Amino acid sequence: MNHILKFFAALAFSASLLQADLKTDLANIHTSMLELNSSISTAELTSNTMCASLISLNDQAKAIVNAIALMNEGFSSPITLDNETLSLTEDLFVSAASLSNQTSLLSDEITLLQPNTEAFILADAIAAMLQLSGDIGEMADRIGEMADNILIMSDNIGLMADRILETQAIQSENLILTQNTLLQTQTNTLALVSVIETASYDLSLDTLITEGNILLAQMSLVALNPWNMANALEDVQTDVNTYLAQVEQFKALFNTDMVQNTLYINSDTLNKLVSVSIIMNSIGIVMDGYGTAIQASQLFTRESTLLDAMGSMLSLSSDIGKLSNNILEMADQILLMADNIGLAADQILLTQELQSVNIAATQTSVLAAQQLALSIIAANN
């Protein structure tokens, strides 16, 4: 008996260490974000040195993104949520919004320096500025995924449901602010482009669009009821996870092509990116329908079935959030690879605006799904 007690005591001690490590990692990332914010706000750009300053900021931002990604890969044990952990998570979202604002101000400085800057320096500065805004957008995405991971791995959602909802409200508000500000930054930067080069390429997204439409059709055919709810949502989550893997594979191709600098932008690719974001918007609408069905049948559903279903719902909403993030990041990467930004600037901005609307709608549906799942878990805890 003593050995059993010692075993469980050791488990509890190990869990407490993991919790402490999580808080330390969150605090360290927040400190790094504050340092980057300070570096951006104090950066002294001149017509001759702006590129070096921007590249240094890019390095700082990319290091933070990599650190967050490493954290996301390290989640393996249950997490006991508390106010401190949620507050630390909220700080990251607020800091991401602040970084996007500082980046926008930095783009204004480049605009002021444009008349006195050599064309080749300005071209490099534009690329570095777009890279910085893309890195901060990716940072916000990775933080959102980390928050989802913390939520999925938590073992006391019911007890902390109200506090979690507060955190999600802060998360949603700051993510929207970050996206809108970064869009404005990219708009400001694109306005600097004056050199027009003719280039074209044909990057096919047809397979991704086809598979997305198949996924959407499959999800639309699912009719949730008290008897099939858990299994049906688990199957949908598996299908969405498979599509997520396809999108991530496609994104990896973008990363490779960006390094090799072999791609040029054209209208077909931009239109297809909008089509993918429309699919994501439609998936969000289906998720809203799932929420309505769950609310209508929850009183007639066994508690164990309901809790299993809500676990799948949380995982499903997390994967859809990752899909949305990857699509936005692919658009940023294509923008960075373009050698004919000046020629396509108007359509690029239109594409980004349409994507922003579609992805924002998707994220709203994801948040609603998470809130519903949390409320049901709390009610049955």
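Within a Cβ distance under 12 Å of Leu151, other residues only, what is the Lys/Arg minus Asp/Glu net charge?
Details: positive: Arg163; negative: Glu145, Asp148, Asp155.
Residues near Leu151 contribute -2 overall.
Any idea what the dipole of segment 27-166 comes to, in debye rounded to 20, about its Cα centre with Lys/Arg Cβ at +1 and Asp/Glu Cβ at -1? Don't skip to the answer; put the middle values down first.
Values: 3 positive and 20 negative charges, 39 e Å.
Approximately 180 debye in magnitude.
For segment 87-134, what value does the Rg/Rh ratio take when both radii are computed over Cα atoms and Rh is the Kirkwood radius, given to two decimals? List each step's numbers first, then the result.
Values: Rg = 14.0 Å, Rh = 12.1 Å.
Answer for segment 87-134: 1.16.
Simple spin-label model, 7 Å along Cα-to-Cβ: Gln295 to Ala217 in nm?
3.0 nm
If you average the alpha carbon positions of segment 136-165 and of segment 43-86, how far apart do those two centres end up, in angstrom?
So the separation of the two Cα centres works out to 18 Å.
Residues with beta-carbon under 9 Å from that of Glu329, excluding Glu329: net charge, scoring Lys, Arg +1 and Asp, Glu -1? Show your work: numbers first, answer last.
Working: positive: Lys251; negative: Glu138, Asp141, Asp332.
Result for the local shell: -2.
Hey, got a sec? Which GluC sites (Glu not before Pro) in segment 38-91 land in a DSSP loop and have at most 15 other Cβ atoms within 10 Å? Kindly include the intermediate steps, with their values, before the conclusion.
On the way: sites: Glu44, Glu73, Glu84, Glu90; in loops: Glu44.
Qualifying residues, ordered by number: Glu44.
Keeping the other protein chains in place, figure out the carbon and sulfur percent of the accessible area of segment 98-183, with a 1.4 Å probe.
On the way: 1850 of 3300 Å².
Carbon and sulfur together cover 56 percent of it.
The values are calculated or read from the model by the stated rules, or taken from the named source; none is laboratory data. All figures in this text were calculated on a predicted structure; none of them were measured in a lab. Because the Cβ atoms are built from the backbone with ideal geometry, glycine has one as well, and the counts that use them run over all protein chains shown. Only protein heavy atoms, including side chains, enter the accessible area calculation; ligands, DNA and RNA are left aside. Shrake-Rupley method; radii C 1.70, N 1.55, O 1.52, S 1.80 Å.
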